[in-house]
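This report concerns only the one structure given below.
The values are calculated or read from the model by the stated rules, or taken from the named source; none is laboratory data. The model shown is predicted, which means the values in this text are computed figures rather than measured ones. Because the Cβ atoms are built from the backbone with ideal geometry, glycine has one as well, and the counts that use them run over all protein chains shown. Just so you know, the surface numbers come from the protein's heavy atoms only, side chains and all, with ligands and any DNA or RNA stripped out. Shrake-Rupley method; radii C 1.70, N 1.55, O 1.52, S 1.80 Å.
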Amino acid sequence: MNKPSSLRILILEDFEEDADLLKINLKRQGVVFEDVIVDNRDDYVTQLIDFKPDLVLSDHLLPQFDSTEALKICREEMGDIPFILVTGTVSEEFAVLCLKQGADDYILKSNLARLSSAIYNAINQKEGERKRREAEANLKKQNRQLKKINGELDSFVYRVSHNLRAPLTSVLGLIQLSKLNGVSQSEVEKYLSLMEQSIVKLDNTVRGILDYSQNTRKTLEYVAVDLDKVITESIFNFRYLERFESIDILKDIKQDVPFHSDALRLTFIFDNLISNAIKFSRKLTDEPRFIKIRATVDEKKAIVSVEDNGEGIDPEYRNQVFNMFFKTSESGAGLGLYIVKETVGRLNGNITLDSEPGKGTKLTIQIPNHAD
């Protein structure tokens, strides 16, 4: 039996002599405690909140109310702390009724010998019930995660096979066309351009699969991170993308305190957000195209936003863009924002999206700082 080193006991008793008798017996039985004694409803409610007892010892009949109401109030205010009825002679029917109503035990004032054992039994029973509830909640959570993973795996296998085979089939078909007799140089160049598009799609899918796999399987490694450096490297990775040269990329990084996070996962996040902002910038416009990346870091968190004035997202799609393989166009593999959300989730962060068709998109992430 586990015995807490000290207990906070709220005693609900209107006779001072009976309360003193309780305390004397507790000390004789080796219980270390501090106590508060109340004899009315108002003080009882106040002390439940202010004193935050580990258990309640309650007489049955008091001038203003009885143990039945006291038990109800206890459950409403304090949840599952032990509530033990300490009273005079009662009938067996009454004792059974008290237990059915949620009391953990009852002790007769004429026989306080088992008071300490009743207290410790009630405490251990409550702790066991709490652990069981936690285990059940964890099991339900794991079952939900398993269903999610199984559903995603089915979708993943189907879509990956499609996203890998479709570009390869296209490239093979274009190669066959290029080998035909009488194919002109201009046609060959056209076929090469189409092959390049297919290979880019294939590369996006493979990169997405690798990011997804590493985020899912690799353990978190918190290190000191220079956000400006990570973001600059991500931008540099896409310098050869179409439209890159025509977009003004503006950075405003405020990091005056150390920031610790998983550098690899931050790279996944920024790579996907920046490449999306580039790919979905507006094709034909006289308005200067831009991507604004802002970050602020404090001792608790980093907040980073990536904003563009690109194509934007229709309202009907905003709740779907973070789904696996969801695409609003043929470009991309449909994994980018899904990976971003999953990766931010692994870092115990959150992500919000604000977008308007034809005006642009802003994605904001908040990630805890593990500097401590």
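Observations on the model:
- Restricting V230, V223 to residues that are open to solvent by 40 Å² or more (accessible area, probe 1.4 Å) and free of Cβ contacts under 8 Å to residues at least 60 places away in the same chain narrows the list to V223.
- Test result for F290, surrounded by fewer than 22 Cβ atoms within 10 Å (Cβ to Cβ), at pLDDT below 95 and not charged (D, E, K, R): yes
- Unmet criterion (only one of (1) over 22 Å from E129 (Cα atoms); (2) at pLDDT below 90) for D80: (1)
- Verdict on S116 being hydroxyl-bearing (S, T, Y) and either more than 16 Å from L22 (Cβ to Cβ) or part of a loop (DSSP other than H, G, I, E, B) (or both): no
- Counting the residues of the range 358-372 that are closer than 18 Å to F322 by Cβ and either open to solvent by 40 Å² or more (accessible area, probe 1.4 Å) or in contact with a Cys (Cβ under 9 Å, 6 or more places away or on another chain) (or both) gives 2.
- Filtering L10, L55 for residues that are closer than 20 Å to R130 by Cα, surrounded by 13 or more Cβ atoms within 10 Å (Cβ to Cβ), of a type in the set (A, V, I, L, M) and modelled with pLDDT of 90 or more leaves a single hit, L55.
- Pairs, first open to solvent by 50 Å² or more (accessible area, probe 1.4 Å) in the range 119-140, second among the aliphatic types (A, V, I, L, M), C-beta under 9 Å, six or more apart: N121/M1
- Among the residues of the range 58-72, at least one is in a loop (DSSP other than H, G, I, E, B), among the acidic types (D, E), open to solvent by less than 80 Å² (accessible area, probe 1.4 Å) and modelled with pLDDT of 85 or more.
- Residue match in the range 119-135 (condition: among the aromatic types (F, W, Y) and under 20 Å from D18 (Cβ atoms)): no
- Among the numbered conditions (1) hydrophobic (A, V, I, L, M, F, W, C); (2) touching a Leu at 6+ places or on another chain (Cβ under 9 Å); (3) farther than 12 Å from K359 by Cβ, the only one that I313 does not meet is (3).
- Residues in the range 164-191 that are part of a helix (DSSP H, G or I), open to solvent by 50 Å² or more (accessible area, probe 1.4 Å) and free of Cβ contacts under 8 Å to residues at least 12 places away in the same chain: R165, T169, L172, Q176, K179, Q185, S186, E187, E189, K190.
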